[in-house]
Amino acid sequence: MPARMYFLGALLAFLVPAAAGAWPVDLVLPLEAGKDRFQKLAALEWVEVEDASVASAEALPGSNELLLTGHKAGQTLLLLYAEGRFAVWRLVVGAPPSDDLAPRLAAARKVCPDLKATQGAEKLLSATVKDPACRAALMEVLRSDAYVARELELTFDVPALQEQLASMSEALKPLGLEARYSGAGLVMTGSASREDWKKALWELFRRSVGRVPLEDRVEVKAPEAPAAVPDAGPALQAEPPVPVEIIRGTPKKPRKKG
């Protein structure tokens, strides 16, 4: 029986969604070079920008507000995390690059026979992901900005789902983490440093097609305390200066000449 994953409905653009991110992005956000943009979210713990030379992002403490700043023309990805969920946005500074989707869609239709892609006011891409070949072709389509996550309806057959899991497991193993499917959801377990945990979330996004509901059970290790400086013993006290008494001789009287 195929594992079904449907991704439809109204996703509020400025909320961190309940499901884990995967291609395509959740939101495409335009920015201007040298200008700030504020975004209010329902919840926000931390953010990480893939290429900070294009744009930077700062989670403002206690406000669930995000400060975005464009730096130079280009595009980069932004990972957002809150309450065990994550999302990925694409930040575009300046004019977006032209992208001809037609050749990639044509290639995907050859290996995903029931693929349907509509544009316009009601954009939707639907397909049955039957095997690794279909999954790979769809990933090439969804790396573009033609569709965002809420505009997908995908159904996975077991072979494609197993191949996707193998790809994710390959990336997570060096980080000390594991992944397994529970129904249509993905469970990630293990213990990792904060840096490796963030790497794992990026890998889940890059290696997945469509949304994968994530149950994040990772134990994030506390950073190690800096090594203590060896004790050099009690501090040496400077000795007070020894007063030196200068004894002056009695000056001699000059002799009288005879």
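Students often get this wrong, so check it: of Lys173/Lys199; Lys123/Lys199; Lys35/Lys72; Lys130/Lys198; Lys110/Lys130; Lys199/Lys221, which have C-alpha atoms separated by over 21 Å?
Lys123/Lys199; Lys130/Lys198
Rounded to the nearest 0.05, what FRET efficiency is calculated for Glu83 and Ala33 with R0 set to 35 Å and r the Cβ-Cβ distance?
That pair, Glu83 with Ala33, gives E of 0.60.
Run the quick spin-label model on Ala73 and Leu60: label points 7 Å from Cα toward the beta carbon, then report their separation in nm to one decimal.
The two pseudo-label positions are separated by 3.0 nm.
Give me the one-decimal nm value for the distance between modelled label points at Val187 and Glu45, 7 Å along each residue's Cα-to-Cβ direction.
1.9 nm
Please list, in order along the range 165-182, the HN-Hα scalar couplings obtained from phi with the Karplus expression 6.51 cos²θ - 1.76 cosθ + 1.60 (θ = phi - 60°), rounded to whole Hz, x for Gly and Pro.
5, 4, 5, 5, 4, 4, 6, 7, 4, x, 8, x, 10, 10, 9, 8, 8, 10
Rg to Rh ratio, the range 101-218, alpha-carbon atoms and Kirkwood radius?
Taking Rh as the inverse mean 1/r over Cα pairs, Rg/Rh reads 1.00.
Keeping all protein chains in place, calculate the accessible area per residue for the range 41-192 (probe 1.4 angstrom), answer in Å².
44 Å²
Mind giving me the FRET efficiency for Ser53 and Leu101? R0 is 25 Å, r the Cβ-Cβ distance, nearest 0.05 is fine.
In this case the efficiency is close to 0.40.
Take the Cα pairs of the range 60-104, get the Kirkwood Rh, then feed it into Stokes-Einstein at 4 °C and 1.567 mPa s and tell me D in µm²/s.
The Stokes-Einstein estimate is 98 µm²/s.
What are the ³J(HN,Hα) values, in whole Hz, obtained from phi via the Karplus relation 6.51 cos²θ - 1.76 cosθ + 1.60 with θ = phi - 60°, for each residue of the range 186-198 in sequence order, with x given for Gly and Pro?
Per residue, the Karplus-derived 3J(HN,Hα) values read 10, 10, 10, 10, x, 10, 8, 5, 4, 5, 5, 4, 5 Hz.
How big is the antiparallel share of DSSP beta bridges in the range 172-223, given as a percent to the nearest 5?
Approximately 45 percent, going by the DSSP bridge assignments.
Evaluate the range 135-202: find the radius of gyration of its Cα atoms, find its Kirkwood radius, and give the ratio Rg to Rh.
That ratio is 1.00, to two decimals.
The values are calculated or read from the model by the stated rules, or taken from the named source; none is laboratory data. What you see is a predicted model, and the numbers here were worked out from it, not measured in a lab. Positions of Cβ are generated from backbone atoms using ideal geometry, with glycine treated the same way; all protein chains shown enter the neighbour counts. Please note that ligands, DNA and RNA were not included when accessible areas were found on the heavy atoms of the full protein model with its side chains. Shrake-Rupley method; radii C 1.70, N 1.55, O 1.52, S 1.80 Å.
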